[in-house]
Every structure is written in C-alpha cells, then in structure tokens.
Amino acid sequence: MNPPISTINDLFCRVASAANPRAVLWQDEFGQWQPISSDQIYQRVRALAQAFLSWGAQKGDRIALIAENRWEWVVTDFAALAIGAADVPIYPTLTGEQIAELIADAGCRIAVVSTRQQYDKLNSVRARTSLERIVIMDAPAPEGAISFGTLIDDYDNRGAERDPVFDALVRSVEPKDLATLIYTSGTTGEPKGVALTHGNIAANQNYAPQEFSFNSTDACISFLPLSHVTARALDYVMYNSGAQVVYCSQFDKLPQAMKEIKPTVIVGVPRVFEKIRQAVESRSALSPVKKRLLAWAIRTGSNFIDTVYDGRKPSSTRWGLANKLVYSKVSEAFGGRVKVFVSGGAPLGIDTARWFASVGIALWEGYGLTETSPVISLNTPRHHRMGAAGMPIGNVELKFAEDGELLVRGPSVFPGYWNKQDANAECFDAAGWFRTGDIGHFDADGFLYITDRKKELLKTSGGKMVAPQPIENKLKNSILVAQAALVGDKHKFISALISPNFVALEDWARQHGVEAGSRADLVAHSRVVALYGEIVREVNGSLANFETLKRFRVVADEWTQESGELTPSMKLKRRVLTQKYAAAIAELYEDEATARGE
C-alpha cells in the first residue's frame with residue numbers, strides 16, 4: 001500500500017518520480033500505441049503550467065477542460081492543479097450553449113479543448129463567457145487558438161531535469177484548496193458545480209482502493225468520460241499505484257484496445273456491462289447450436305455463482321468444460337488478463353451481476369457520488385455481497401434519515417456547490433451530514449443497499465412507493481430492450497416506456513417475416529407489441545402487485561446521450577423523457593378513471 005497523500009499534487013509528484021518509461025500509452029493516427037514516460041509527463045505538465053502562469057493564472061482560478069480521454073487531458077489536469085488553480089472538466093458532447101453556461105458560471109478565463117470541432121463550438125459562444133485564451137490539443141491550431149503542442153515542444157527533451165521553483169509551487173498547494181469543479185449531469189434539474197478540494201479527493205484515494213493491490217504490472221484502459229468523477233478517480237488510483245494508464249478516446253475502439261492492451265482492471269458503468277451481455281447473447285442467437293450452448297453454459301455456471309463471486313475457480317468438470325467452450329471466450333473479449341471488474345456510476349442490477357458470475361466473472365459493484373469524491377462503499381474480494389453496494393469505506397460515516405434517505409459525513413464529502421447557497425442549505429443538515437438523495441438500508445452484516453433516487457421514486461395515487469431502477473434493470477435483461485423508463489407518479493398504476501435494442505429487434509423481425517417501412521411502423525406492429533408484452537409479463541412475475549406494469553409503450557427512438565435522453569454516465573434524464581413522451585404517457589392513462597388500479 002502506498003503512503004497516504006494529502007493533495008492530488010502529491011500524486012503527481014509520485015508519478016513524476018517513478019522513472020517509468022511507459023507510464024501512459026496513447027494511440028496515434030495510424031492506430032499504433034505510443035508510450036509516454038513519467039519524465040515526459042513531468043516536463044509537459046511543467047511547460048503547460050508555466051504557460052498558464054505567464055497568462056496571469058493564479059491560485060484559485062478556474063481553467064476549463066473540454067476533451068475526450070487522451071494524454072493531454074491528464075497533463076492539463078495536473079498542470080492546472082500544480083499552480084493551485086482548479087480545473088473544470090466539461091463533457092465534449094455538450095452543446096456550445098450548455099458549455100458557455102458552465103464556463104460563465106465557473107468564471108473561467110482559460111479553456112483547453114481537444115479538437116477543431118470543440119474549438120469552433122466554444123468560439124461561437126465565446127462572447128457569453130470571460131474567456132481570454134483557448135488552447136487546442138490537435139494541430140494545426142486555427143486562428144485565435146493557441147497550439148498545445150507548441151507550448152510543450154521545447155520541454156520533451158529535458159529528461160529527468162527538475163525545476164526547484166516549479167516543484168516548490170506544486171508542494172505549496174494545501175488540502176483545503178479547491179481542486180476541481182465538476183458539474184453534475186442534471187438528471188432531474190439544472191447542473192450544479194460540485195466543488196471538490198484536494199483534501200476531499202486525496203481522502204478518498206487513500207481509503208477506497210485499500211483492499212485492492214495494484215502495481216507496475218497492472219494496466220487499465222481509460223475510456224469512461226474523464227469529465228465524470230468515476231473515470232477520473234480510477235485513473236488517479238492507477239497513477240498512484242504506478243500502473244499503466246492507456247487512453248482510448250473512442251468507445252468503438254475499445255474492443256480492439258482490450259485485445260491489444262490486455263488490461264488487468266476494467267471499471268465501467270452498468271450500461272457497458274449490459275451491452276457486453278447483450279452482444280454475447282446476440283451473437284449466440286445467430287446459430288441454434290451456439291444459442292443452446294450458451295444457455296447450457298449459463299445454467300451450468302449458475303450453480304457456481306457463489307464460488308466465482310468469492311474469487312475462486314470451481315473444480316467441477318462440467319464447469320471446466322463450459323469454461324473452455326464459452327466462459328473463456330467472454331474473458332478473451334476483455335483481453336484475457338482482467339483480475340478486477342468494477343461497476344459504478346449507477347445501480348448494477350443483481351440479474352446482471354448473476355449473469356456475469358455465471359460466465360466466470362466476479363463483477364464488484366461500488367457506490368458513490370460526485371459530491372463524495374466519489375466512493376462511499378464498495379464490494380471487494382474480501383468483503384462482498386451480490387446485490388449490495390458493498391461495505392462503507394473506512395473514513396466515512398453513514399446513517400439513514402427517517403424517510404430512508406442515506407446521509408454521509410467524512411473528509412471526502414465536498415464543502416458545497418459553486419455559487420449555490422440555497423442548494424447547499426438544502427443538502428446539508430445542521431450537523432453537517434450530506435443528504436445523498438438516495439434511498440437505502442443496511443443488512444444485518446453492515447452491507448449497504450441502495451434502492452433508488454429519492455426524487456425518482458414513483459408514488460401511486462394509492463400511496464404506494466415504487467422504485468423504478470430495479471424494475472427497469474429487469475426489463476433491460478432482455479436482449480430486445482436497450483433502455484426502459486417507468487412512469488406513473490400520482491397515477492393509479494405503473495407503466496413503462498421501452499426503447500428497443502433495434503439491432504436485435506430488426507434481426508428478430510427478419511427471422512420472423514415481420515415487415516415494416518419504418519421504425520415507427522415496426523414498434524407498432526402487433527407481433528412486436530406482443531413480443532414486448534411477453535417481456536413485460538415475465539418481469540411482472542417477479543414483482544409485487546402494486547409494482548407490476550399494467551401498460552407499456554415501445555417507442556421508435558434510441559435513447560442516447562447525443563439525442564438528450566441519457567446523461568454521459570448513461571443514466572436516464574427522466575425530466576426530458578417525461579416531456580418528450582408526454583402525449584404517449586397521456587394515452588397510457590387516458591381511461592385511468594375506469595381502468596383497474598393496483
């Protein structure tokens with residue numbers, strides 16, 4: 001275990017002194033993996049930090065960072081923190097208007113962007129901000145932008161040379177200093193800037209990975225958006241452990257990257273793992289023999305779930321045969337060397353956890369929030385319970401309010417939202433406990449369970465409270481369902497909107513002779529409606545009566561981040577969905593007065 005850190009700058013100093021020739025890997029335009037040494041990281045951070053200083057940036061300033069996962073992201077991050085400034089990571093998928101709002105709120109005078117597209121988007125709304133300089137990572141830099149490469153070029157050949165003045169500046173940053181403003185994705189309301197200090201993040205880094213042991217032989221692929229706290233926290237853990245961090249800027253390149261890099265650590269949001277499961281089932285569905293083989297392997301593996309989840313390899317001959325024929329192929333898709341799988345960012349769903357354990361993969365679920373830097377609890381190889389969010393980490397206190405809302409207190413809890421005094425008064429109680437907005441409970445052994453978001457609970461007109469996420473996860477277990485959203489707050493019964501996995505649905509339609517001129521025609525076809533009706537009936541069989549879905553509507557849209565229905569961490573934007581499908585929801589309840597209720 002590494003000595004504890006008190007600031008992220010301590011972590012940067014550890015990276016800089018590692019003498020690692022391959023601390024980072026990135027992919028060039030020819031698809032070749034190129035290394036960056038720890039000395040080069042130091043020199044590039046030093047060069048960019050000195051550029052910031054020359055432009056008048058100082059301690060406490062905010063610097064915007066709009067980029068995909070690439071080595072320049074972490075160099076910009078470390079450079080801003082090195083001078084005592086705070087960075088403001090912004091999702092590159094946001095519109096110019098959305099970005100301008102965040103940059104104006106944060107008061108950024110400097111922004112670093114990845115591509116010409118990002119520059120043009122930002123430059124078009126520049127007048128609405130206080131921006132004085134925009135740095136662009138890609139070359140060539142357009143007129144009005146500053147080239148990232150030009151700023152660091154002279155430093156790449158300085159080897160292990162150190163600058164004592166710069167190093168002293170790095171060390172002068174204190175735990176109480178602001179490190180970053182991370183704007184929440186706004187699933188139910190306007191985005192708020194979560195102000196995290198160096199001490200907040202360092203406290204979480206010191207405790208969250210304690211039961212995991214990583215070193216220079218380990219590698220992780222950084223593919224979750226670094227503007228999200230989960231991805232950033234993982235990269236910090238890897239850097240702090242001397243492990244290799246590999247940047248993958250495009251999600252569609254991830255499967256090939258996993259084969260080439262062979263990572264030892266995979267951290268994803270639940271939707272990543274759900275897609276992998278659906279891809280495996282889709283491929284097997286193309287052949288009756290493969291479909292039967294997968295079904296047999298899953299049945300076989302289901303008898304050894306507890307053994308796999310305990311980190312042990314079953315000794316059964318049947319399991320060994322299934323492993324050779326099926327499970328090993330799933331493992332090879334991840335590169336074949338992964339020793340730690342973690343899911344975070346949203347509730348995983350026990351059915352997904354069981355499916356992966358049935359194919360020989362223990363998928364550890366964690367829980368946390370941006371406001372808690374982020375980890376609150378985590379399943380680990382030593383302490384785990386499937387379906388739980390894990391055991392609380394050692395330096396946080398947890399308790400539940402009377403209504404079941406989880407409250408948390410500790411050094412990793414943020415001091416408050418940026419420029420949001422009313423929100424701060426609402427989210428902290430008089431004793432300093434942070435109201436997470438999540439409903440949950442502890443079991444008899446102290447494992448934490450999270451049921452749902454407090455604001456997302458649906459209350460029927462009969463007074464029954466329904467948690468939508470567990471039911472939505474059950475629906476998504478079907479290969480034919482990409483996303484699902486429950487509706488019915490203040491109504492007599494619960495209904496569902498279902499966004500299909502159109503690849504699987506259109507393949508099913510071809511196989512069954514269902515013809516349709518458009519996706520709207522396809523989802524309205526009687527045989528398709530009946531098909532999804534069977535999925536809903538199967539899920540209803542596992543629900544209490546008041547939770548059952550009385551009606552549903554299959555929509556003709558794929559819900560994506562780009563089209564606005566999902567956050568960057570793949571959570572539903574329920575407010576957006578409610579507005580977009582207001583007419584469809586109204587139809588589901590038009591005869592509610594005479595319909596059967598709960």
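The values are calculated or read from the model by the stated rules, or taken from the named source; none is laboratory data. These numbers were taken from a predicted model, which means no experiment stands behind them. Heads up, the Cβs are rebuilt from the backbone with ideal geometry, glycines too, and the neighbour counts pull from every protein chain shown.
Quick notes on this one:
- Taking each residue of the stretch 209-226 that is farther than 12 Å from N240 by Cα and not assigned by TED's automatic domain parsing to the domain that holds G366 and looking for partners that are part of a loop (DSSP other than H, G, I, E, B) and of a type in the set (F, W, Y) with beta-carbon atoms closer than 8 Å, six or more apart or interchain, yields P225/Y91.
- Spans of strands (runs of 3 or more DSSP E) in the stretch 312-414 with at least 1 residues buried (at least 22 other Cβ atoms within 10 Å of the Cβ) and of a type in the set (S, T, N, Q): 340-343, 375-378
- Within the stretch 110-130, the set of residues being surrounded by fewer than 20 Cβ atoms within 10 Å (Cβ to Cβ) and farther than 27 Å from W26 by Cβ comprises S124, V125, R126, A127, R128, S130.
- Count of residues meeting criterion [in contact (Cβ under 8 Å) with a residue 60 or more places away in the chain, charged (D, E, K, R) and not in a helix (DSSP H, G or I)] in the stretch 489-544: 1
- Selection within the stretch 208-244 - touching a strand residue (DSSP E or B) at 6+ places or on another chain (Cβ under 8 Å) and part of a helix (DSSP H, G or I): V229, T230, A231, R232, A233, L234, D235, M238, Y239
- One residue stands out in the stretch 273-290 among those that are free of Cβ contacts under 8 Å to residues at least 40 places away in the same chain and in a helix (DSSP H, G or I): the one that is farthest from V503 (Cα to Cα), namely V289.
- Matching entry among T380, T436, T372 (being in contact (Cβ under 8 Å) with a residue 40 or more places away in the chain, hydroxyl-bearing (S, T, Y) and more than 30 Å from G60 (Cβ to Cβ)): T380
- Condition check for A556: without any contact (Cβ under 8 Å) to a residue 24 or more places away in the chain, in contact with a helix residue (DSSP H, G or I) (Cβ under 6 Å, 6 or more places away or on another chain) and either part of a loop (DSSP other than H, G, I, E, B) or not basic (K, R) (or both): no
- From the list A100, A19, the lone residue that is aliphatic (A, V, I, L, M) and in a helix (DSSP H, G or I) is A100.
- Pairs with Cβ under 9 Å, 6+ apart, first in the stretch 81-93 and outside the structural domain of Y119 (by TED's automatic domain parsing), second assigned to a loop (DSSP other than H, G, I, E, B): none
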